Amino acid sequence: MDTGPDLKEQYRRLEEIIRALRNQEVDTVIGTKGIFMLRVKETEDALREQYRWLESLLAERTKLVEHLQAQQELLERQGEHLEQLVEERTAELRRLSHRLIDVQEKERNLIGIELHDQIGQYLTYTTLLIDQMARKHESQELTNARMAVQEAIGKIRNLSALLSPRLLRSDGLLIALDSFVEEYTRNTRIEVDFIHEEALHDLPNDVALACYRIIQESFTNVARHAKPGKVELRLSSRKHSVHLEVADDGAGFDPQRTEHSTGLTGMRERALALNGVLTIETGLGRGTRVSADIPFTIEETQ
Amino acid sequence: MITIVLVDDHQLVRQGVKSLLNLEPDFKVIGEASNGIDGIALVERLHPDILLSDLMMGDFGGIDVTRAVCKSCPKTKTIILSMYGDPVYIKHALKEGARGWVLKGNSIDELVAAIRTVDAGECYISQEITDQHGGLIVGAIAGVSAIVPRLLP
């Protein structure tokens, strides 16, 4: 790095002369007056040069600072642009995810209704035919056939309710969940404590369906893995959001090792698709708590 | 003679039920319709003792039919014959004045028993449903219906 003209040397010479003056070295003083003046002049020149050098240095630094500032601004702008891009992509993904869920629900609904309204009716007709034959001649084969068809009708009834929750659409989330919980306890023998307000705020259909599906999935997981004493289901709503919680006192799991669970991802996707959040608190032997908050806006209807 | 009208959007089911019910010497199926609106008109014209109606039939289902028939022909007693057995729907139907609920797939003997019970002025719920939901459903239903359903022993 450039250190500028050697001022030290100049000062040293001046100090020598000043010392001579103090010591009353008159001869030297008179003899050196000319030299003294010369040295003063030289010092002045050196100082000027030093000053110019400092000025150029300052200009250089200023330029550097400006350059750096420009770079930083550029980086910030690029950063903002990237952030915006990420936000846009995230929103797009969310929209896609929402649409995917939508399409999936429509398909499920269609299959559920088809099973129920078509296959179910043919099976009903078949039982009637079996009954008709049995009226003429009862046999063990007919009894077995009737039992098999009735079994199939029962399965179709359950599968159809699972795929297309008609009660949810006709009677709303609370009543559909009441019915779901009753059926669940009957099938799994797991006690459920369903804690909810007297009535919920009016939920948009997609929000109600998301809640229903998240709860359904959580309960399926509980029955499959948790082996709990009981499950607690909580549901509450505010003017612009709904909160749900499924908590069991069962086995829990290691939250680091859930890569395999597409169910958990699916639940999260459902909440995210509606700009909600879903959290899972668990640990081995500590039970599991799934909670979700989903916001919504209600269109004012007259 | 117990006169019966059938309302169901599935022709095969109507056909099967009709031919089996007509085997009972004192039953007569006197009319059938494939949707709720036609069903109501038929009941208003024929005044049957029993209306046997499906639940899910497009926009105008069994519960709507029950409500309308209860108003215009209070002497006709409605029984729902459905694939569904959810207590919520059963409560809705009883609240609108239905007197019975039989599941599709139940034996024809049970349907015959239901028709006789309801015709005699009582209420009847499929045994499969009361088995599943226990006495709870009877209590819940008693809240909306003046007639407590008879439970098979």
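Quick note: the coordinates plus some simple rules give every number you see, no bench work behind them. Everything quoted here is computed from the prediction, not taken from an experiment. When we count neighbours, we look across all protein chains shown, and the Cβ atoms used for this are built from the backbone with ideal geometry, even at glycine.
Between A:GLU42 and A:GLU197, the modelled label-to-label distance comes to 9.4 nm, taking each label 7 Å out from Cα in the direction of the beta carbon. Reducing the stretch A:202-239 and the stretch A:97-133 to their Cα centroids gives an inter-centroid distance of 24 Å. Rounded to the nearest 500, the helix-only mean residue ellipticity at 222 nm of chain A stands at -23000 deg cm²/dmol, with each DSSP H run of n ≥ 4 adding -39,500 (n - 2.57). When A:SER164, A:SER291, B:SER34 are sorted by how many other C-beta atoms sit within 10 angstrom of their C-beta, beginning with the fewest, the order is B:SER34, A:SER291, A:SER164. Per residue of peptide B:100-110, the mean number of Cβ atoms on other chains within 10 Å of the residue Cβ is 5.
Any idea which of A:VAL231, A:THR185, A:ALA145 is furthest toward the positive side of the dipole for chain A, if Lys and Arg beta-carbons carry +1 and Asp and Glu beta-carbons -1? Comparing the listed Cα positions along the dipole, A:ALA145 ranks first. For the stretch A:171-302, the relative contact order comes to 24 percent (Cα pairs under 8 Å, sequence separation of at least 6). With a 10 Å cut-off around each Cβ of B:12-23, the average count of Cβ atoms from other chains is 4. Net charge of the neighbourhood of B:VAL7, taken over other residues with C-beta under 9 Å away and scored Lys/Arg +1, Asp/Glu -1, is -4. Put in line by how crowded their Cβ is, counting other Cβ atoms within 10 Å and starting with the fewest, A:ILE214, A:ILE298, B:ILE90, A:ILE175 read A:ILE298, A:ILE175, A:ILE214, B:ILE90. When each of the peptides A:247-255, B:17-25, A:38-46 is scored by how many other beta carbons lie within 10 Å of its residues on average, the order from highest to lowest is A:247-255, B:17-25, A:38-46.
In chain B, the DSSP-assigned H stretches of four residues or longer account for a calculated mean residue ellipticity at 222 nm of -14000 deg cm²/dmol, using -39500 (n - 2.57) per stretch and the full residue count as denominator. Exceedance of the 21 Å cut-off in Cα-Cα distance is limited, within the set A:LYS8/A:LYS41; B:LYS71/B:LYS91; B:LYS18/B:LYS71; A:LYS155/B:LYS104; B:LYS28/B:LYS77, to B:LYS18/B:LYS71. In plain terms, the residue of A:THR297, A:THR220 with the fewest other Cβ atoms within 10 Å comes first and the most crowded comes last, giving A:THR297, A:THR220. For chain A, the membrane-span-like helix rule (DSSP H, alpha carbon extent of at least 20 Å along the helix axis, mean Kyte-Doolittle at least -1.0) picks out A:7-22, A:26-114, A:120-136, A:140-163, A:173-188, A:205-221; this says nothing about an actual membrane.
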